[in-house]
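Just below is one structure, and these are the notes that go with it.
Nothing in this text is a laboratory measurement; each read-out follows from the coordinates by a stated rule. The structure presented is a predicted model; accordingly, all values stated were derived computationally and were not measured. Cβ placement follows ideal geometry from the backbone for every residue including glycine, while neighbour counts extend to all protein chains displayed.
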Amino acid sequence: MSTKNEAVKALQKRKKEVLEQWMKNQLQDEGLRNNLISDEDQQQTSDELLNLLIDALNDSSIEDAHSRDFEKVLDVLSGISISRAKQGFSPRETGVYIFGLKEALLTTLQKDIKDPAQLYSESLKLSKLLDNFAISSFETFIKGREEVILRQTDEITEISTPVIHVWDGVLAMPIIGTLDSARTQIVMENLLQEIVETGSSIAILDISGVPAVDSLVAQHLIKTVSATRLMGAECIISGIRPEIAQTVVHLGIDLSTIITKATLASALKTAFSMLQLEVTKKSKSNLLQQSNR
Amino acid sequence: MDKIPILKMSDFLLVTIQVDLYDQLAENLESDLINMVKKYNSHGVLIDISAVSIIDSFMGRILGNIAMMSKILDAETVVVGMQPAVAITLIELGLPLKGVHSALNVEKGMALLRSKIHNIEQDTLTDDSSTE
């Protein structure tokens, strides 16, 4: 064996062939969708990845996938996986992409190394290396997907806690979905922030969209009400369904310190009377006078 | 030694806390305030904590103490401008500040104090008339 590894030498020499072979492998695959990424883009990223890989290959690094020489390769690889995850590629497609490179490398190797024993040992090293890359690319692929999921979760919590300005000095907050600790925190923060910003003195918390109230949820509600009171505003809980009233009483939760109403309408009525406002029907004579004007 | 100024405005005492309170400062405030209530025979104390971003359990207790002591001296206490984060912290600490009235801002706090004192005066007046 010469000072330089035969396989490394062969691959450096035949870089172009490897790339061609790799692109051919990719195009052969029936599952590949070319509507997600253009052929030129594909060619460019593949070329970049291959160049980095072959530059990083040397006598020692070929045996150790965790070698520092591969840092750049792994960076590019994880970039590709993450962008593919976001573009909506399936994990299979990303896997085929990496294994296509392995196949191309091994085929090229066959052309240069004629001694079967040597070919076998070099192929083994190379496939081990590529397998490692494939695993790490899967890891980053999944991480990319998880980021998407996390972002969506954040968005859902953001969307599902709107604060509505119902009247001058009256805020309403319909809660939809289960109230857990994390959401209560967001609900509380949003509500209190809005109270400060609008200077509203009454907040209505509508829980008609909450599927079930257990002792923990009730605890969260009580906390929210106490916090609003500390700020100097009053909090009314509305939209309590009969089943919820039943469970609350069965669980022995004391809600007597909180103003509770069955519907949003009656909560609003209470709010009006607290603000000393009155809703009156226009009398007919008034209406006539207005229309005559 | 730092001191938190206490302003007298007709029947009320005004305190605006503009620095983060440390324990000694809070204790001094408590005793100063109670002395002032006695000295001017005030009927209301308004504490503005809109600039306070951190309140711990000790500070919560001091606020509760001030309210209770003032009550004994026949003065109502209103805390105004509490920040959302502070309110959440106090609730998480299990300190709902019983005996302390709250209001969103100084304006509403003054209105609250006035209505409370007005009520008390009316009560005493009616009491007087009934005894006569």
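Okay, here's what the table says:
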read-out	value
Enclosed volume per residue, in Å³, of the convex hull spanned by Cα atoms of segment A:164-274	87
A:M274 paired with B:K39, simple spin-label distance in nm, labels 7 Å along Cα-to-beta-carbon	3.8
Reach of A:K9 by Cα under 16 Å, taken over aspartates and glutamates that are not fewer than 8 positions away in the same chain	A:E17, A:D55, A:D59, A:E63, A:D112, A:D115, A:E122
Options A:I156, A:L77, A:S60, ranked by Cα towards positive dipole end of segment A:44-156, top entry (Cβ charges)	A:I156
Neighbour net charge for A:I236 - beta-carbon separation under 13 angstrom, K R +1, D E -1	+1
Overall dimensions of chain B by Cα: Rg and Dmax, Å	15.2, 52
Mean Cα-pair separation over length for segment A:6-157, i.e. relative contact order, pairs under 8 Å, 6 or more apart, %	34
Semi-axes of the equivalent ellipsoid for segment A:6-157, Cα gyration tensor, largest first, Å	30, 17, 12
Part-to-part distance (alpha-carbon centres) for segment A:227-274 and segment A:98-143, which is given in Å	66
Whichever lysines have a C-alpha closer than 28 Å to that of A:K16, once near sequence neighbours (fewer than 8 apart) are set aside	A:K4, A:K24, A:K72, A:K102, A:K111, A:K114, A:K125, A:K128
Residues of type lysines that B:K39 reaches as a straight line, Cα spacing below 23 Å, ignoring anything fewer than 8 places off in the same chain	B:K3, B:K8, B:K71, B:K116
Helix-only CD estimate at 222 nm, as mean residue ellipticity for the protein assembly as shown, using -39500 (n - 2.57) per DSSP H run (n ≥ 4)	-20000 deg cm²/dmol
For segment B:14-72: span of alpha carbons on each principal axis (Å, largest first)	31, 18, 16
Inter-label distance for A:Q110 and A:T157, nm, one decimal - labels placed 7 Å from Cα along Cα-to-Cβ	5.4
Of all DSSP beta bridges in the protein assembly as shown, antiparallel share, percent nearest 5	20
Cα extents of segment A:118-166 along the three principal axes, largest first (Å)	80, 6, 6
Net charge dipole size for chain A [Lys, Arg +1 and Asp, Glu -1 on Cβ; Debye, nearest 20]	1000
Summed side-chain charge close to A:I164 - residues other than A:I164 whose Cβ falls under 14 Å, Lys, Arg +1, Asp, Glu -1	-4
Computed label-point distance, nm, for sites B:F58 and A:N132 using a 7 Å Cα→Cβ extension	5.6
Hull volume in cubic angstrom per residue (convex hull over the Cα atoms of the protein assembly as shown)	304
